[in-house]
Amino acid sequence: MTTPLNATLAQVTQRIIERSAGPRADYLKTMAANAKAGTQRAGMGCANMAHTTAALPAADKLKIHAERTPHVGIVSAYNDMLSAHQPYENYPALLRSHARALGATAQMAGGVPAMCDGITQGAAGMELSLFSRDVIALSTAVALSHNVFDAALMLGVCDKIVPGLFMGAVQFGHLSTVFVPAGPMTTGLSNDAKAKVRQHYAQGLVGRDALLESEAQAYHSPGTCTFYGTANSNQMLMEIMGLHLPGSSFVNPGVALREALSKAALERALINTGRGGQPHIRLADIVNEKAVVNGIVGLLATGGSTNHTIHLVAMARAAGVLIDWDDFAELSAVVPLLARVYPNGSADVNHFHAAGGMGFLMRELLANGLLHGDMNTVMGFGLGAYTREPWLDGASLAWRDLPPLSGDTSVLRPVAEPFSADGGLRLLKGNLGRSVVKLSAVRPEHRFVRAQAVVVSDQQDLLALFNAGELDKDLIAVVRYQGPRANGMPELHKLTPPLAVLQDKGFKVALVTDGRMSGASGKVPAAIHLSPEALSEGTIAKVQDGDWITLDCERGVLHLEVDAATLAARNVSHPDLSHNAHGTGRELFGLFRSHASTAESGASPLLG
């Protein structure tokens, strides 16, 4: 017997379908026009074909020229500077070889850039980070623009990389496409221990050597960082939207199961081209309004990255689906929090995976009417395959049923026994604008803060005040001119340890910013992504030191206690932001900054 769909889930989905009717129809029309009968290279000019195959082995040339077998394009974010992407180094050779064994062919279509927020945090390079997503989308489009491929494999993991690959790939939604993860590194120093050392360093209790040793023990090998930030939220998102193979998101690099899953991803991409009487499943057939809603549900049920209140909006828009923060907030009210993974708990993603992982999570959500099950995936129609886990039966990849109970209820719970009755994401509204706050790691006693503003226009200025001992009081830190148009909207992770120190001292503390705090948003309430931003004449530009602000997470209120007449009389003199436009390549991103949309619209210069 099919469980009825949750009423709110159904209502929000229908609203999104109606809102998206025009752009979605335009998108599908374009995808239909892009498709060809037979292979995508059918009817291609001889010179064009010769360029395509010039560097290939003779056997591959013959297959491609014959135009009878599928040809797969690989788009990779490989570099060996990012631990999460280093495992991709050998994937092209593996996938090309496996394609030949299956009677098909594969080529590296192109590479995309991949930068690490953990490396650029607090530095000028971080101001390129958000827009690197759009560069990746453009690079993906360039890679696939040769129009010779019948299927595509997207190799990427981290923060902006998966959203960028997605945004580019859906422009080629007429192709059979599978996203291929590389997996998290094995567990190192516990996240709680790492956070404690960071706080001690912020207080001057330990030196740089101790901090570096702690960080090196936490980030120690190939694979994704193991905390549940944007990178691992990406992997969850691709799986719950049906774009990964079931259970593949959190299998560690370098193990036999990881290689088997990567080969199987190629096999599914080939099967989904519709050869041999199989259903033709295009990327555009998978990515629709229901898949996007499932993605939002997954983020809420796991306490996923707040970055996806920006990224998922942009990703959906790229496929003609329009969502906003009201959709997130309404779904958050009915989707329970089923996972506690750092920074929302002490466990990491390896513990989550061992406790039942994505299979357990999706089985619970489906059984309680909290996911759309009637949708295409890379495995075919329906989400049933995603409630199982992969394993090696000898040398063969297979899937099996999960145990009925969570392996660790301190990490992963059923819907009947959630960590919280709601998803922990709130939309905040008031005379300051619209903002989001992630409550998964914020204790109830810290969810209401009424205090005077301490206003800065650079996170370094707030750190200087902290180091000078001038923040030992109740306060709401207002960090402005951090939006996409001002400086590219860098993450403000450097603020987490000092604000946490102040909260631990017993002060009422919160953050209000038009910038980002990302998937590592922690125990201090942070009203982030405030829109409109300061540079776009947002009210945050008029806040003054000492103004009283109320931040009420439970009621969804963000209110500046200054009357309208006084606010209207205040003049705004924007600070000199020229230092954000020069150095570390920032000169090249001026066009992106000036054309970026609001955070709630996806902060994209490409999609409006």
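Rule-based calculations on the coordinates, nothing more; no lab input. Owing to the predicted nature of the structure, the values given are computational and were not obtained by experimental measurement. Note that we place each Cβ from the backbone using ideal geometry, even for glycine, and neighbour counts take in every protein chain shown.
For the range 425-577, what is the percent of antiparallel DSSP beta bridges, rounded to the nearest 5?
Antiparallel bridges make up about 55 percent of those DSSP assigns within the range 425-577.
Of VAL509, THR550, LEU428, which is farthest on the positive side of the dipole of the range 425-577, counting Cα position, with +1 on Lys and Arg Cβ, -1 on Asp and Glu Cβ, and the Cα centre as origin?
Of VAL509, THR550, LEU428, it is LEU428.
Assign one of three labels to the range 425-577, namely rounded, prolate or oblate, based on the Cα gyration tensor with a ≥ b ≥ c the square roots of its eigenvalues; rounded applies when a/c is under 1.5, prolate when it is not and a/b is larger than b/c, and oblate otherwise.
It comes out rounded by the Cα gyration axes.
Using alpha carbons only, how many angstrom separate the centre of the range 126-140 from the centre of the range 526-560?
Between the Cα centre of the range 126-140 and that of the range 526-560, the gap is 28 Å.
Among LYS194/LYS473; LYS429/LYS542; LYS194/LYS523; LYS473/LYS542, which pairs are too far apart, with a Cα-Cα distance over 20 Å?
LYS194/LYS473; LYS473/LYS542
If each residue's Cβ is checked for other Cβ atoms within 10 Å, how do TYR228, TYR342, TYR201 rank with the fewest at the top? It would help to have the intermediate numbers written out before the result.
On the way: TYR228 30, TYR342 24, TYR201 18.
Ascending Cβ contact count within 10 Å gives the list TYR201, TYR342, TYR228.
Compute the helix-to-body angle for 230-240: its Cα long axis versus the longest principal axis of the chain, expressed 0 to 90° and rounded to tens.
Helix 230-240 sits roughly 50 degrees off the main axis of the chain.
List, in order, the whole-Hz ³J(HN,Hα) value for each residue of the range 329-334 obtained from phi through the Karplus relation with A = 6.51, B = -1.76, C = 1.60 and θ = phi - 60°; use x for Gly and Pro.
Per-residue couplings from phi come out as 5, 5, 5, 4, 5, 10 Hz.
Counting other beta carbons within 10 Å of each Cβ, put GLU587, GLU289 in order, fewest first. List each step's numbers first, then the result.
Working: GLU587 9, GLU289 26.
Ordered by Cβ neighbours within 10 Å, fewest first: GLU587, GLU289.
Taking every DSSP beta bridge that has both residues in the range 340-490, what percent is antiparallel when rounded to the nearest 5?
75 percent
What is the antiparallel percent of DSSP beta bridges lying wholly in the chain, to the nearest 5? Each step should come with its number before you reach the end.
Numbers: 28 of 59 bridges.
In the chain, DSSP labels about 45 percent of beta bridges as antiparallel.
What is the Cα centroid distance between the range 352-407 and the range 255-315, reported in whole angstrom?
One Cα centre to the other: 14 Å.
Return CYS158, CYS553, CYS46 ranked ascending by Cβ neighbour count within 10 Å, so the fewest neighbours appear first.
Placing the least packed residue first, the sequence is CYS46, CYS553, CYS158.
Rounded to the nearest 500, what is the 222 nm mean residue ellipticity of the chain from helices alone, with -39500 (n - 2.57) per DSSP H run of 4+ residues and division by all residues?
When only DSSP H runs of four or more count, the value is -10500 deg cm²/dmol.
Counting other C-beta atoms within 10 Å, and keeping those with at most 14, which DSSP coil trypsin sites (Lys or Arg not before Pro) do you find in the range 2-103? Don't jump to the answer; show the numbers that get you there.
Values: sites: ARG15, ARG19, ARG24, LYS29, LYS36, ARG41, LYS61, LYS63, ARG68, ARG96, ARG100; in loops: LYS36, ARG41, ARG68.
Within the range 2-103, the qualifying trypsin sites (Lys or Arg not before Pro) (loop, at most 14 other Cβ atoms within 10 Å) are LYS36, ARG68.
Given charges of +1 on the Cβ of Lys and Arg and -1 on the Cβ of Asp and Glu, with all other atoms neutral, how large is the dipole of the chain about its Cα centre, in debye to the nearest 20?
Numbers: 49 positive and 53 negative charges, 250 e Å.
Roughly 1200 debye for the chain.
Can you list the HN-Hα couplings for the range 59-75, worked out from phi with the Karplus curve (6.51, -1.76, 1.60; θ = phi - 60°), rounded to whole Hz and with x for Gly and Pro?
Couplings: 5, 5, 4, 4, 5, 5, 5, 6, 6, 10, 10, x, 10, 10, x, 9, 10 Hz.
Would you kindly state how much longer the chain becomes between GLN203 and ALA50 on full extension, computed as 0.36 nm times their sequence separation minus their alpha carbon distance, in nm to one decimal?
Length gained, GLN203 through ALA50: 48.7 nm.
Could you compute the net charge surrounding HIS372? Neighbours are other residues with a C-beta less than 11 Å from the C-beta of HIS372; K and R count +1, D and E count -1.
Residues near HIS372 contribute -1 overall.
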